[in-house]
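Trainee: Have a look at this one.
The values are calculated or read from the model by the stated rules, or taken from the named source; none is laboratory data. Here the structure is a predicted model, which means the values were calculated and not measured. In this analysis, Cβ positions are derived from the backbone assuming ideal geometry, glycine residues included, and neighbour counts consider all displayed protein chains. Each accessible area value is taken on the protein alone, full model and side chains, heavy atoms only, with ligands, DNA and RNA left out. Shrake-Rupley method; radii C 1.70, N 1.55, O 1.52, S 1.80 Å.
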Amino acid sequence: MAERRRMSYSVHRDVLDEVAVDEMAEKSESKTSLCEKVRRSMRCSGARTKSCLLGSVPVVSWLPRYSIKENALGDLVSGISVGIMQLPQGMAYALLAAVPPVFGLYSSFYPVLIYFIFGTSKHISVGTYAVMSVMIGGVTERLAPESDFTTWDNVTNSSIVDIAARDAERIRVAVAILLGLVQFGFVVTYLSDPLVRGYTTGAAIHVIVSQLKYTFGINPPRYSGPLSLIYTVLEICRIIPETNIGTLVVSIVTIISLILAKELNAYLSKKLPVPIPVELVCVIITTVISWQVNLTGRYGVDVVGEIPSGLQPPVFPAASLFGRVIGDAFALAVVGYGIAISLGRIFALKYGYKVDSNQELIALGLSNSFGAIFQCFAISCSMSRSLVQESTGGRTQVGALYSALFHFILLYSALFCFILFYSAVLAAIIYVNLHGIMKQFLDIPALWKSNRVDMVVWVVTFILTVLLNPDLGLAASIGFSMLTVIFRTQLPKYSLLGQLPDTDIYKPLEDYNQVRHVPGIVIFRSSDALGEKVRKHSGVFNPPQTFQTLKPRKIMSLPTQDKELKQKDVAIIEVDFEPDPSLPRAIVLDLSPVNFLDTVGVKTFKSIRRDYGEIGIDVVLAGCQSGVVETLQNGGFFNDRVTKSCLFATVHDAVLRCQAGKTKSHRGEENEYYTVDSDQEVCSCSVQNTAPKM
């Protein structure tokens, strides 16, 4: 093992307190007001207008520089590959959203075009997403239940469901959710990654359970509210003897085939120019088999239904539904934006470009809002499709444009009308494509090693999402995550520091064997103003009580010009105490971890300085950030007797000043003054407070 090369440096300068630093650095006293900041932000110029345009519409900046020679072929191949992959996935995810399958294709066309214009990530594949689809399905089935569209047929003596009216209402609900998404995207920046990943994993369990009815060919009743997933599983177990064997066989064969084909894709990834579109191949094969065997007629295997060709005319979402779906829009925004931004950053880091989080929120919000007008449901991005886009040579969002155009052509293609989409096959496609989300269970052991609080957030979020459903589960998870933040804030870290010999480096004494305590000085680091901890570790838990044990060395009466004191027959005396060798000379508070102080913190520091100053222990602050210094000043910490000279830029500056003698934090002689009534003992303290001679 090679030895580390040690380098040395030497800096000769005076010991600097805050006053000296302000003078040397020429601190500016003027501050820009809020009105001035707003006025500057509203200024308009040609350069500013151009910058805003390029930032708000990124395609204007990168498309003119698009290299056809370098990127066109790769983008074309990746676009078609992703388009083929998205075809069965989009229709399968439409079933999760409880809307007709063709709307899964609409959601892979319009939103992609908008993201192409406004998005900043080059490699993510925007479109339908399983977790969001099942969340939308819960909303559409809750607000447009099948029972609302059931009528009784006297001829057949049975109930009939008006499927056309039901689907139309569910589409209205689904698109109403989308228009609310643009309002809540910003909240993602305040949610932790473990919360988002635990939540999506829990939601994936809901996806799997929702598809079991298609796998077994059964029709369990729908439950809603907390614990609905548990009730659904119990109901499925109760009616599982009614399983349609033909449907189950189709499901098992499809799942096994998809898994083997994907493994083959992974094994031959370096030899194949493009991945095999296993989902589409599977759909085509089942269509051919159905023509030969008649799976629907002979075995009762359910077919999705008729797939209409063409696009739907624009219709503005029903405003009356906005208030009923606002909570669901919040949950969808968290999931959709969280996944898209996280995945975009992964690819940006890998390929060395920048993803603008704010612009991504705008792009996805506009994609969903514009898509709502054309009857699309919520979109985000897919890990599996994004990886295919990357592996097939896609380098820009032009690949996504090719994918959208592929779907456009397919929607008007006559061949599309001959393909049969079986519910069991689409459910199998969903199962297999959830393997990426299921791998997130591996976060648990990783977080156990790195951060156990984050692991608890992940596990609790997962459990709450599974038990309380995605909507209530998200709210409860955010609440729990906030509690962990409060818990960690109320238990700040603190430590006693020592000096690494012959250096200006100070480290916690409990963590390093070679770090030494500085004689006569207590150095305390904390992320909060903890008066009790300072008292405990300084060795002086009760300064007023310690004050009573000090022995006066000299007492001398001083003249006073104060008429009020003379009238009350009160004299001023000077008391010089004998030093106590058991007490530290000074306490240095390292506040470098403190980001802000409130009024309670300012009062705590004032109390610490006053109490310890009374027994001759000087208290100085080190490493204060500008905001902390400003809060101390506004909170009345400084006055005529306590100045900024008790603040130091570094711990070493503070230690050197304490070792050299008194700081200049107190203006006066090195004595303590008290007012004394002529007939009483010492009755009040600290008219002027400085340390005794040590």
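Trainee: So what's the gap between the Cα centers of region 487-519 and region 611-649, to the nearest angstrom?
Mentor: Taking the Cα centre of region 611-649 as reference, the centre of region 487-519 is 21 Å away.
Trainee: Here's another thing I want to ask about it. Give the ranking of HIS435, HIS12 by solvent-accessible surface, highest area first, calculated with a 1.4 Å probe.
Mentor: The ranking, largest first, comes out as HIS12, HIS435.
Trainee: Can you tell me the order of 288-299, 337-348 when each peptide is scored by its average per-residue count of other Cβ atoms within 10 angstrom, highest first?
Mentor: The peptides rank, most packed first, as 337-348, 288-299.
Trainee: Next up: Would you mind counting up the charge near VAL209? Only other residues with Cβ under 15 Å from its Cβ, with Lys and Arg at +1 and Asp and Glu at -1.
Mentor: For residues surrounding VAL209, the net value is +1.
Trainee: Sequence gap at least 6, Cα distance under 8 Å: using those rules, report the relative contact order of region 58-487 to the nearest whole percent.
Mentor: Contact order relative to length: 37 percent.
Trainee: What is the sum of charges around ARG222, taking Lys and Arg as +1, Asp and Glu as -1, for the other residues whose C-beta is under 11 Å from the C-beta of ARG222?
Mentor: Once positives and negatives cancel, what remains is -1.
Trainee: Which of ILE437, ILE239, SER78 sits farthest toward the positive end of the charge dipole of region 58-487, with +1 on the Cβ of Lys and Arg and -1 on the Cβ of Asp and Glu?
Mentor: Toward the positive end, the furthest listed residue is SER78.
Trainee: Determine the principal axes of the Cα atoms in region 58-487, then give the extent along each, sorted from largest to smallest and rounded to whole angstroms.
Mentor: Answer, in whole Å and largest first: 66, 55, 45 Å.
Trainee: What does the highest-first list of 379-385, 53-59, 471-477 look like by mean Cβ count within 10 Å?
Mentor: Going from most to least packed, we get 379-385, 471-477, 53-59.
Trainee: Quick one: which residues, 5 or more positions from TYR422 or on another chain, have an amide H under 5 Å from its amide H? H modelled 1.01 Å from N in the peptide plane, none for Pro or chain starts.
Mentor: VAL304
Trainee: While we're looking at this one, here's another question. With charges set only on the Cβ (+1 for Lys and Arg, -1 for Asp and Glu), what does the dipole of region 58-487 come to about its Cα centre, in debye to the nearest 20?
Mentor: 1080
Trainee: Beta carbons within 10 angstrom, averaged per residue: use that to sort the peptides 233-246, 354-367, highest first.
Mentor: Going by the mean number of other Cβ atoms within 10 Å, highest first, we get 354-367, 233-246.
Trainee: What does the net charge come to around ARG238 if you take all other residues with beta carbon closer than 15 Å to its beta carbon, with K and R at +1 and D and E at -1?
Mentor: Net charge in that neighbourhood comes out at 0.
Trainee: Starting from the amide H of SER125, placed 1.01 Å from N in the peptide plane, find each other amide H under 5 Å away whose residue is 5 or more places distant or on another chain.
Mentor: Counting only residues 5 or more places away or on other chains, the set is SER382, SER386.
Trainee: How would HIS206, HIS517 line up by accessible area, probe 1.4 Å, largest first?
Mentor: The residues order as HIS517, HIS206, largest area first.
Trainee: If you don't mind, there's one more thing I want to ask. With bins 10 Å wide starting at 0, give me the P(r) of region 204-264 over every alpha carbon pair, in whole percents.
Mentor: Bins of 10 Å from zero give 21, 45, 25, 8, 0 percent of pairs.
Trainee: For LYS644, LYS439, LYS27, LYS270, write out the residues from largest to smallest accessible area, computed with a 1.4 angstrom probe and no ligands counted.
Mentor: If we order LYS644, LYS439, LYS27, LYS270 from most to least accessible, we get LYS270, LYS439, LYS27, LYS644.
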